[in-house]
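Scroll down for the structure; my scribbles are underneath it.
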Amino acid sequence: MVEIKNEEEEEVVEESLDLPKVVEGEEDTTDWKAEAQKLRDKAIAQRERTKTLKLKLADKEKAIEALATGSKKAEPSKTGELDETQLDYLDLKGVNEAEDIKVIEDIVKKTGMTVRQALKDDYVQAKLTANKGQREVKDATPSGTKRSGNSGGTDIATAIAKYEQANYDPASLPDNFALRSAVINAITAKTDPNRPAWQR
């Protein structure tokens, strides 16, 4: 379709050469050098237009082919960052932690793999598993210690352990009313015979 357009434009160029008409018997005062320069300039301009049209046609053909096959290959971004489609794909696959995305981004940038290929890579799988393990350890580690003075989450567990070691002696219960109530409620829930075993 574009090729026909190119031919039409070439015809237009050929028709509009504007060559001077020389009548027989009259003196030819045409500056043929200037005319040749004009024709040369028109030819160069036409070649540039043809190149541009061919590039546009090639881009359109690639886009049509990608749409027809349904697999548009994402072009890597200039900054090396993953685009929104790639990030959505990773999110869909359960990879949404910043450190995991960074690992995949680095592999894609260094090797030229697609995100899908990078996810299947043994190194990436090992790295993602290691990152997950580190996150689980960090989440399981108590946030506060006695030294920091911020031991809110572990106070209940510690108080329950002391109370059980003292054979449920009421004197071993904490002085803090809220903490004492939490310990008593936890022990009651743990030893309640009417409560299913999986809730104790």
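Looking at Glu48, Glu61, Glu35, which one is modelled with pLDDT of 80 or more, in contact with a Pro (Cβ under 9 Å, 6 or more places away or on another chain) and not hydrophobic (A, V, I, L, M, F, W, C)?
Sole residue among the options that is modelled with pLDDT of 80 or more, in contact with a Pro (Cβ under 9 Å, 6 or more places away or on another chain) and not hydrophobic (A, V, I, L, M, F, W, C): Glu35.
May I ask you to verify whether Gln165 is within 30 Å of Thr85 (Cα to Cα) and modelled with pLDDT of 85 or more?
Details: within 30 Å of Thr85 (Cα to Cα): no; modelled with pLDDT of 85 or more: yes.
No, not satisfied.
Against the definition (under 30 Å from Lys132 (Cα atoms), of a type in the set (Asp, Glu) and at pLDDT below 70), how does Glu8 come out, yes or no? So Glu8 fails the test.
The values are calculated or read from the model by the stated rules, or taken from the named source; none is laboratory data. In this text the structure is predicted, and so the values were computed from the model without any measurement. When we count neighbours, we look across all protein chains shown, and the Cβ atoms used for this are built from the backbone with ideal geometry, even at glycine.
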